[in-house]
Structures are given as structure tokens and as C-alpha cells.
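Colleague: Got a structure here, written out as C-alpha cells. Questions coming.
The values are calculated or read from the model by the stated rules, or taken from the named source; none is laboratory data. Not measured: the values here are computed from a predicted model. A quick note on method: Cβ atoms are made from the backbone with ideal geometry, for glycine too, and the neighbour counts reach across all protein chains shown.
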Amino acid sequence: MAGVRPEKLTVSKIKANLLNVAQSSLYRLTLTIPQAVRDRLSLSSVDYDNINLLCSEATLPGSSLTTHDVTNDYHGVTEKMAYRRMYDETVGLTFYVDRNYKVIELLEGWMDYITGIDNKRIYKDPYASYRMSYPTTYKRNIFLTKFEKDNFVRDFSTTRGGSDSTSRTVLDYTFVQAFPLSLTAIPVSYEDSQVLKCNVSFNFIRYVMERKRSLVLEDFRTEQFSSPQNIIVNRQVELV
């Protein structure tokens, strides 16, 4: 196929195609806390929902292909052949720390469970020992959903004004078998006060990205679906 020839574009077409871009500030994190960790903490379901909302920064994951060189098939040509896909090992998350420090309590409690710390008083002993927990008890899938501001707004344009629903696109990322790997030191200072933040890295096996459709209905309810046979109700019925 030959290259595309230059063509004249109208201002409306440029605005429709080039200015309709995704924004970096619209996403939703969902941490799935293992039941064994929940049993050790005094946090409610509302607290866990608030912690998800306090995630101020996240990173969409990446991957790369590992290749080997083929040098003998064609004269003077070296080809690369992919044989494995390598995923990022960690995903970095930044949280605002709430007034009651429940974000820190969750992350520290999760890591305490992994390292088998049952009694903080005994662990203050310099000769204390510990026994690591089994991986299946502290690893869980975590989710990151990327959406846009119009995800909960119907389209009332002249072309679709008669429709009672509007289709939107969202990206769902699933981080398989994730757990907190490192919690970065949190600096405090007598200088000008700022919002306290904590940075944590989660290790995971791989990620799965799924492109899904979201229907905005006439009463502003939303439904997500990947196929007509598999409809998932989106419970976020708020307007952005």
C-alpha cells in the first residue's frame, strides 16, 4: 500500500479527531484485600473504598518482547524473532494519607501479614524471629480502570439526539496475583506543610488489558459489556 496523499482538513474534522484525547487524571484503582489481611485489621468496607479513592497516582503497565537474532537466512540481513513477552515486574502507586492514617495501616498490615508479624510487642525484641506466610494467602488481583470525563454523560448531538443511550470506551487492567513489595520512606518536615503521601510498589505476575464498552442509559445509569452475552453492571452512577 502506498503512502497516504496529503488532503485538506476542515477545522471541525481536526477538532473531532485531534482534540478528543484521553486525560491522565481519570482512573479508578481497586485493591482486592486478602481475607487473612482483613481479619488482622480494624478497617471497614467504607475504609477500603476510601483508600481506593485516595490513590493520587498510578502507572499504566508496559511490556516488551524478548528476541533472538537470525543472521543466516538472507544475505546481509539480520532479523529479530520474538520468542517471549516480558512484563513489568512492579506497578507504582501513590496514595494521599488520610487523617486517621488508614492508608498506612493497610499497607503496613498487609506487609506484616506477609512477613508473619503477629505480635508487635514481641517483634521489638532484637532477637525476634518470623515465618513468612504462604503466597496464596496474600496475593490477589488488583484492578485499574481508565475512563474519560464523558463516561457518565449522554451524547445529545444532532446525530444521536434521538437515542436513549451512548456508547463509551473504557480500559480495564487486571494485575494478576499482586502484593505490596516495597513501601517507600515517607519524609516529614517542619517546613511548609504539604499533603502527606506514601508510595508503594506492587509486584505482579502479568497484566491483562481489556477494552470494554460502557453504555450510558437515559436515566444516567451505566452498563459495561465486553459482549452481548456478558453484561456487567457498572455501579458508579455519579456524574463527572
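Colleague: Determine whether Arg99 is touching a Leu at 6+ places or on another chain (Cβ under 8 Å) and loosely packed, with under 12 Cβ neighbours inside 10 Å.
Modeller: Criteria not met by Arg99.
Colleague: Which numbered condition in (1) surrounded by 12 or more Cβ atoms within 10 Å (Cβ to Cβ); (2) under 30 Å from Tyr207 (Cα atoms) is the only one that Tyr123 fails?
Modeller: Answer for Tyr123: the failing condition is (2).
Colleague: Those residues that are within 25 Å of Ala58 (Cα to Cα), out of contact with any Pro (no Cβ under 7 Å at 6 or more places or on another chain) and either part of a strand (DSSP E or B) or at pLDDT 95 or above (or both), I need them from segment 144-174; list them, please. Outline the logic, then answer.
Modeller: Narrowing segment 144-174 to residues within 25 Å of Ala58 (Cα to Cα): 144-153, 168-174.
When the remaining residues are screened for being out of contact with any Pro (no Cβ under 7 Å at 6 or more places or on another chain), the result is 144-153, 168-172, 174.
If the condition is that a residue be within 25 Å of Ala58 (Cα to Cα), out of contact with any Pro (no Cβ under 7 Å at 6 or more places or on another chain) and either part of a strand (DSSP E or B) or at pLDDT 95 or above (or both), then Leu144, Thr145, Lys146, Arg168, Thr169, Val170, Leu171, Asp172, Thr174 are the ones that fit.
Colleague: Determine the pairs where a residue that is exposed (fewer than 10 other Cβ atoms within 10 Å of the Cβ), located within segment 188-207, has a partner that is among the aliphatic types (A, V, I, L, M) and assigned to a loop (DSSP other than H, G, I, E, B) with Cβ atoms under 9 Å apart, the partner being 6 or more residues away or on another chain.
Modeller: Val188/Leu196; Val195/Val97
Colleague: Restricting the search to segment 39-51, which residues are farther than 22 Å from Gly92 by Cα and either at pLDDT 95 or above or among the β-branched types (Val, Ile, Thr) (or both)? Spell out how you get there, then give the answer.
Modeller: So in segment 39-51, the residues farther than 22 Å from Gly92 by Cα come out as 39-46.
Once the filter is applied, which keeps residues that are farther than 22 Å from Gly92 by Cα and either at pLDDT 95 or above or among the β-branched types (Val, Ile, Thr) (or both), segment 39-51 yields only Val46.
Colleague: Another question about this same structure. For segment 1-39, give me the residue count where each residue is assigned to a loop (DSSP other than H, G, I, E, B), more than 29 Å from Thr174 (Cα to Cα) and either of a type in the set (D, E, K, R) or under 23 Å from the mean Cα position of the chain (by Cα) (or both).
Modeller: First, the residues of segment 1-39 that are assigned to a loop (DSSP other than H, G, I, E, B): 1-10, 19-26, 31-34.
The next check asks that each one be more than 29 Å from Thr174 (Cα to Cα); those that pass are 1-10.
Next cut, either of a type in the set (D, E, K, R) or under 23 Å from the mean Cα position of the chain (by Cα) (or both) only: 5, 7-8.
Going through segment 1-39 one residue at a time, the tally reaches 3.
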